[in-house]
Structures are given as C-alpha cells and as structure tokens.
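Notes for the one structure printed next.
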Amino acid sequence: MKKTILLILLLMVVAGLFWGRIAPVTGAYAVSGCCKVRKSERDPWRKHGTDLAACKSMNRAQDGDNIFKPNGAVWWDMNC
C-alpha cells in the first residue's frame, strides 16, 4: 500500500515537472499592465507604451529601483 502511494506521488511529481517544460508560454503568464514614466517625483505619471522588458531596461538605466512600486522615474503599473 505504501509503495503504491509513493509510486503515485512520484509519477505526479514527474508529470508536473514534464508539463512545466512543455506547456506553452502565453499571455496568461505575463505581468499585465503598462509602463509609466515621469521626469521628477513632482511630475504626474504618463504612459510610455512599451512592454515589460523595455520598461525594465529603461528602469535599470534611469534609477534601478523596484519597477513594481510607484517611486522613482519608471514604474510598471499593473492596474492599467
């Protein structure tokens, strides 16, 4: 009985790992939102129109802070 349960658990783990490798990457796995920028902390945020990768690159070049928090010059707003 214990061997059967262990075998089933092992198969479930292996199947889960295998599915993670072959599952297609879709928009459902992406972080939704929009890139916002501002010149100074007193300026209002404005949409920049880039994807997350470009927004991260811009953030690294300008201030390098946490892109998911609304501080600094570049922010990824997940509520757009």
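Read-outs: derived from the displayed coordinates by stated rules, not from any lab. Just so you know, these numbers come straight off a predicted model, no measurement behind them. Reconstructed Cβ throughout: ideal geometry from the backbone, glycine too, with neighbour counts over all protein chains shown.
Taking label positions 7 Å along the Cα-Cβ direction at both LEU7 and ARG46, the computed distance is 6.7 nm, reported to one decimal. Sorting 61-74, 36-49, 1-14 by average packing, meaning the other beta carbons within 10 Å per residue, from highest down gives 61-74, 36-49, 1-14.
Near LYS39, which lysines are there with a Cα under 29 Å away, not counting those fewer than 8 places off in the same chain? Filter leaves LYS47, LYS56, LYS69.
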